[in-house]
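J.: Here it is, the structure, as structure tokens.
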Amino acid sequence: MEPLLNFSAVLPEAILLACACFILVADLFLADRSRNGTYLLTLLSLAAVAAAAWEPVSAGTAQYAFGGMFLSDSMTAVLKVAAILATAATFVYAQAYARQRAMWRGEFFSLGLFALLGIMTMISANNLLVIYLGLELQALALYGLVALRRDDPRATEAAMKYFVLGALASGFLLYGMSMLYGGTGTLDVNGLAHRISAGQSVNLAMVLGTIFVVAGIAFKLGAAPFHMWVPDVYQGAPTPVALLLASAPKLAAFAIAFRLLVEGLPQLAVDWQRMLAVIAVASLAVGNVTAVAQTNLKRMLGYSTIGQMGFLLLALLAGVVGGNTTITAGAYGAAMFYVITYALATAGCFGIILLLAREGFEAEEIADLRGLAKRSPWYAFMMTLLMLSLAGLPPTVGFTAKFVVLQALVSDGASATTWTLAVVAVLFSLVGAFYYLRVVKTMWFDQGSDTNPIEASQDMRIALTANGVLVLLLGMLPQGLLALCNGAVLRALGG
């Protein structure tokens, strides 16, 4: 019997909850001119949470809490730290933008921290109800963040779309979980696999439950055909919120896909692999082809996300061969590596948008990047690295991420279907390279009329530079992060 309360397993979440509540109350007594105190306190809180979350990596052991419903291991630690860094980047990049638009308030910080708490809960969830609890905590906080500029009709419209479609997707996921519970009699993720392998027949209800679960996960990832909300919400939401939406929640969605499909339903792999294959190809097609026609940079990044999630799903579907997940654990390591590096590159892209924005000007159109190379060659170089990474071109980390996914698809024992999927992925990546390189061309070769100097705080300049340099360094030296992901996944699978 697992311990009911193992405090060390939930220490990061406990610290984050306490800090979020303290910041929410403390901010009530601060004047607007003192709001930097809230910002610094938030960053210090995130640093403390990251330090606590990293402990399982050094310990190398898995811990359970709440009777096995909550898991803390190397995989959860790496994903949590990545989500914490993405959230911290959101606050750092948002400074000038949020101040100029009356968003630099306590609710911006507290809602961001509560969204992170939901994300971390999803990452560590080892029970169907805990997964749903974390999902709703994240979703409710993000709904509030999208609508934070309540006087902006675009933000209000985006929040309404996100809320309605998000509620529908949550219903899909909950309905699928109820069917899985009805078929197995357990809410424990590992218990699902054990009871199916113990001889319980896979009936129609469990197959239908798997379908609804896959649909819910696809929505949270922003994969086609459940992608309709992504470009609209990215475009309408305040840019710092779009940054948060595009990065940290994808890490949590990968975690619940891994827990539910790989650990919980390996015996149903034939069914969910076919669904993931269709969704992956649809995402690659819709995301990359539609992005070509976009002129709004945030909307283009929305369609880019759809295409990127198609690649992630290809890695997920490549990991089970004959019901065995340990033989091809490298596929899940590749998927984990992919989603972390995607979040890194996407956060930097939104950071450049926030850098160029000023009061009364959003810098959302691709045309707004004209002449950036003359205004600031360094930031144009950073944006170039980020675009090359999303396009999957060397020497950036995006090339390595796509390479390891394709390598997993065509590994030993790969079928003709997976070879075909690899070819399709490469072809659509070539299509995607066009709209990423168009942004590079706009920055370096088009003449711009804006000659205003680019102003940024010291911490924002450091963060943006570190973001771009990491994309380059991890592309040239990916072994450390890749080994960390592979090792964490292998330990999660019991290897």
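The values are calculated or read from the model by the stated rules, or taken from the named source; none is laboratory data. Fair warning: this is a prediction, and the values are worked out from it, not measured in the lab. Neighbour counts are summed over all protein chains in view; Cβ atoms, including those assigned to glycine, are modelled from backbone coordinates with ideal geometry. Accessible surface is based on the protein model in full, side chains and every heavy atom, while ligands, DNA and RNA are left aside. Shrake-Rupley method; radii C 1.70, N 1.55, O 1.52, S 1.80 Å.
J.: Grab the helices (runs of 4 or more DSSP H) fully contained in the stretch 226-315, keeping just those with 2 or more residues being open to solvent by 10 Å² or more (accessible area, probe 1.4 Å) and within 28 Å of Leu128 (Cα to Cα).
T.: Where helices (runs of 4 or more DSSP H) fall fully within the stretch 226-315 and carry at least 2 residues being open to solvent by 10 Å² or more (accessible area, probe 1.4 Å) and within 28 Å of Leu128 (Cα to Cα), they are 269-291.
J.: So which of Phe399, Phe350 is part of a helix (DSSP H, G or I), in contact (Cβ under 8 Å) with a residue 60 or more places away in the chain and surrounded by fewer than 24 Cβ atoms within 10 Å (Cβ to Cβ)?
T.: The unique qualifying residue is Phe399.
J.: Looking at (1) closer than 20 Å to Ala248 by Cβ; (2) open to solvent by 60 Å² or more (accessible area, probe 1.4 Å); (3) in contact (Cβ under 8 Å) with a residue 60 or more places away in the chain, find the lone condition where Ala51 falls short.
T.: Only one criterion in (1) closer than 20 Å to Ala248 by Cβ; (2) open to solvent by 60 Å² or more (accessible area, probe 1.4 Å); (3) in contact (Cβ under 8 Å) with a residue 60 or more places away in the chain is unmet by Ala51, namely (3).
J.: Could you list all residues from the stretch 111-166 that are among the aliphatic types (A, V, I, L, M), surrounded by fewer than 19 Cβ atoms within 10 Å (Cβ to Cβ) and either part of a loop (DSSP other than H, G, I, E, B) or free of Cβ contacts under 8 Å to residues at least 40 places away in the same chain (or both)?
T.: Of everything in the stretch 111-166, those that are among the aliphatic types (A, V, I, L, M), surrounded by fewer than 19 Cβ atoms within 10 Å (Cβ to Cβ) and either part of a loop (DSSP other than H, G, I, E, B) or free of Cβ contacts under 8 Å to residues at least 40 places away in the same chain (or both) turn out to be Leu133, Leu140, Met160, Val164.
J.: Could I ask something else about it? So how many residues does the stretch 137-189 have that are over 24 Å from the mean Cα position of the chain (by Cα) and not charged (D, E, K, R)?
T.: 11
J.: Follow-up. Would you say Ala169 is farther than 19 Å from Gln273 by Cβ and either open to solvent by 10 Å² or more (accessible area, probe 1.4 Å) or part of a helix (DSSP H, G or I) (or both)?
T.: yes
J.: Of all residues in the stretch 141-161, count the ones that are out of contact with any helix residue (DSSP H, G or I) (no Cβ under 8 Å at 6 or more places or on another chain) and under 25 Å from Thr76 (Cα atoms).
T.: Residues in the stretch 141-161 being out of contact with any helix residue (DSSP H, G or I) (no Cβ under 8 Å at 6 or more places or on another chain) and under 25 Å from Thr76 (Cα atoms): 0 in total.
J.: While we're here: Show the residue pairs meeting these rules: Cβ distance below 6 Å; 6+ apart or different chains; first residue within the stretch 235-251 and farther than 16 Å from Glu364 by Cα and touching a residue at least 12 places away in the same chain (Cβ under 8 Å); second residue open to solvent by less than 10 Å² (accessible area, probe 1.4 Å) and among the hydroxyl-bearing types (Ser, Thr, Tyr).
T.: Leu244/Thr90; Ser247/Thr346; Ala248/Thr87
J.: Taking only the stretch 474-495 into account, find how many residues are without any contact (Cβ under 8 Å) to a residue 40 or more places away in the chain, open to solvent by 70 Å² or more (accessible area, probe 1.4 Å) and among the hydrophobic types (A, V, I, L, M, F, W, C).
T.: Residues meeting the conditions: 1.
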